[in-house]
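K.L.:
Got a structure here, written out as structure tokens. Questions coming.
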Amino acid sequence: MSFIDSFFAKKDQIRASSGVFRLRQKYSSNNQEVHIFVEDEDDYVFYQIPLKQLYVDYKIIPYFQKGKKNVLDAYNEINWTNYIKEKVLFFIDKDFDDLLGINNKLDSNVFVTKYYSIENYLVTVEVFEIILMRFFGIKERILIDEFLGKINNAHNEFIKNIKSIISLILIYRKESKHMDLDKIKLSNFFYLHNLDFFKRKVLSVEDYNIIMRDPNSTNFDRVKVRKEKTLNNILSECVEDTSVYDYAKLIENRKTLETCISEKIYIRGKYEFWFLFEMLTSIEQTTKRINETIRSKNVLIEKECDKISLYKKRTDINANNIFDIFPSKIKMPEDIKTFLELNYNRL
């Protein structure tokens, strides 16, 4: 282990131990309190709504552990003979664990998201309908359904095209090789316009002409060339050892993803948030075009009271406030509800 790795390992150990130390100071089996270990502040903001809905008479005490590993380390450090498990709850993201065959030692008081992470719970038809109705003031059911249909089609295209990137990430995760995921900028490869999903051009004109003019080139060949160009761009930016990449492994991983019951199981939450925020911009642009039509119609309407109202964005939604806005507005996810009720009913 390098000096730097050793430093951060010790730092993580201190952080996990710090949470456990605070628990020892605050915990009492007789108090109406429930102690919550989470990865970060956003996680607590997300979970506190369902917690407060159920633990009405309890004081909720959060412990921010700065990462999944520190949450699990804190759980393992606790001497459970001194604690009621139902009063000390742990919340972690699933990440790629199931796809990598990682089996964390879990307990009835440890919640693992059924999706990749908490972000995936907020990219749904329900959330987009809330956005359209409450944040853009769209009330007409026909127009809402038209928007939702376009959004769903764009999301399906997004899912189809993101699978190769996820499959590439899994190659490196399975080999325990470093890949800097923060350097993958989806906007370099995809974009949304008029509520539709598009792929950016990654082939040069010269490369494109070569593959298109080759009489032996099939549609599969063309797709493969474009896909590998995209993946090579990612490899050049995000990894040190490009030799780990293997196209056969990519196809194998993709087949595995196809068997998942939901794309949210394997799509990184940050990637779904990319889609959501890009779609927000596209929705705003579309409502502006609708407003132009409304204005032209209103010119012909004499009475002010008969004029058609314009659609206006009421609140900016971004990464800094999304967890403050939506958890209280959506239906409590069933897996979270089941976990909390199970522990609450045992108290």
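Each value in this text was obtained by applying a stated rule to the coordinates, not by laboratory testing. Keep in mind it's a predicted model, so treat the numbers as computed, not measured. Virtual Cβ from ideal backbone geometry, glycine too; neighbours counted across all protein chains shown.
K.L.:
May I ask what percent, to the nearest 5, of DSSP beta bridges between residues of the chain are antiparallel?
P.N.:
Numbers: 4 of 16 bridges.
About 25 percent, rounded to the nearest 5.
K.L.:
If we count every other residue with Cβ under 15 angstrom of Lys26's Cβ, Lys/Arg +1 and Asp/Glu -1, where does the sum land? Could the numbers behind the result be given before it?
P.N.:
Details: positive: Arg22, Arg24, Lys59, Lys87; negative: Glu33.
After counting each charged neighbour, the total is +3.
K.L.:
Report the residue, chosen from Lys174, Lys297, Lys150, that carries the largest GNM mean-square fluctuation when the chain is represented by alpha-carbon nodes joined by springs under 10 Å.
P.N.:
For the chain, modelled as a Gaussian network with Cα springs under 10 Å, the answer is Lys297.
K.L.:
Order of Val56, Val88, Val239 from fewest to most other C-beta atoms within 10 Å? Display every interim value, and only then the final one.
P.N.:
Details: Val56 9, Val88 24, Val239 19.
With the sparsest Cβ surroundings first, the list reads Val56, Val239, Val88.
K.L.:
Here's a follow-up. Do any GluC sites (Glu not before Pro) in the stretch 94-141 lie in a loop, going by DSSP, with at most 15 other beta-carbon atoms within 10 Å of their beta carbon, and if so which?
P.N.:
Details: sites: Glu119, Glu126, Glu129, Glu140; in loops: Glu140.
Within the stretch 94-141, the qualifying GluC sites (Glu not before Pro) (loop, at most 15 other Cβ atoms within 10 Å) are Glu140.
K.L.:
By Kyte-Doolittle mean hydropathy of at least -0.5 and Cα axial length of at least 24 Å, which whole DSSP H helices of the chain are selected?
P.N.:
On the way: long enough: 3-26 (35 Å, -0.42); 141-174 (46 Å, 0.22); 219-238 (28 Å, -0.87); 269-298 (42 Å, -0.69).
Result, helices passing both filters: 3-26, 141-174.
K.L.:
Moving on to the next point. Obtain the radius of gyration and the Kirkwood radius of the stretch 88-140 from its C-alpha atoms and give Rg over Rh. Write out the running numbers ahead of the final one.
P.N.:
Numbers: Rg = 16.3 Å, Rh = 13.5 Å.
Over the Cα atoms of the stretch 88-140, Rg/Rh equals 1.21.
K.L.:
Cβ under 11 Å from Glu175's Cβ, Glu175 left aside: what net charge do those residues give with Lys, Arg +1 and Asp, Glu -1? Write out the running numbers ahead of the final one.
P.N.:
Values: positive: Arg173, Lys174, Lys177, Lys249; negative: Asp241, Asp246.
Charge balance in the 11 Å sphere: +2.
K.L.:
Same structure, new question: Using helices alone, I'd like the mean residue ellipticity at 222 nm for the chain: each DSSP H run of four-plus residues gives -39500 (n - 2.57), total over residue count, nearest 500.
P.N.:
On the way: 12 runs with 178 residues, N = 347.
Calculated mean residue ellipticity at 222 nm is -17000 deg cm²/dmol.
K.L.:
A further question follows. Which GluC sites (Glu not before Pro) in the stretch 251-347 pass both tests, a DSSP loop state and at most 10 other beta-carbon atoms within 10 Å? Mind dumping the intermediate values first?
P.N.:
Working: sites: Glu252, Glu258, Glu263, Glu272, Glu278, Glu284, Glu292, Glu302, Glu304, Glu334, Glu341; in loops: Glu302.
Here the sparse-neighbourhood loop sites are Glu302.
K.L.:
Here's another thing I want to ask about it. For the stretch 33-114, which trypsin sites (Lys or Arg not before Pro) pass both filters: DSSP loop (anything but H, G, I, E, B) and at most 10 other C-beta atoms within 10 Å?
P.N.:
Numbers: sites: Lys52, Lys59, Lys66, Lys68, Lys69, Lys85, Lys87, Lys94, Lys105, Lys114; in loops: Lys66, Lys94, Lys105, Lys114.
Those satisfying the criteria are Lys105.
K.L.:
Could you work out Rg/(2.2 N^0.38 Å) for the chain, with Rg from alpha carbons only?
P.N.:
1.19
K.L.:
Shape verdict for the stretch 9-137, please, from the Cα gyration tensor: rounded (a/c under 1.5), prolate (a/b greater than b/c) or oblate.
P.N.:
Working: a/c = 2.17, a/b = 1.41, b/c = 1.54.
It comes out oblate by the Cα gyration axes.
K.L.:
I've got another one for you. What is the chain's relative contact order, in percent, from Cα pairs under 8 angstrom and six or more apart in sequence? Could the numbers behind the result be given before it?
P.N.:
Values: 349 pairs, mean separation 78.5, N = 347.
Across the chain, relative contact order equals 23 percent.
K.L.:
Let me ask something else. Over the stretch 11-63, what is the relative contact order in percent, taking alpha-carbon pairs closer than 8 angstrom and at least six residues apart? Write down the numbers at each step before the final one.
P.N.:
Values: 30 pairs, mean separation 23.3, N = 53.
Once divided by the residue count of the stretch 11-63, the mean separation gives 44 percent.
K.L.:
Ok, one more. Have a look at Cys305, Phe91, Leu235 and report the one farthest towards the positive end of the charge dipole of the chain, computed about the Cα centre with Cβ charges (Lys/Arg +1, Asp/Glu -1).
P.N.:
Working it through, the farthest residue towards the positive pole turns out to be Cys305.
K.L.:
Further question: Quick one: which residues, 5+ away or cross-chain, put their amide H under 5 Å from the amide H of Phe190? H built at 1.01 Å from N.
P.N.:
Counting only residues 5 or more places away or on other chains, the set is Arg200.
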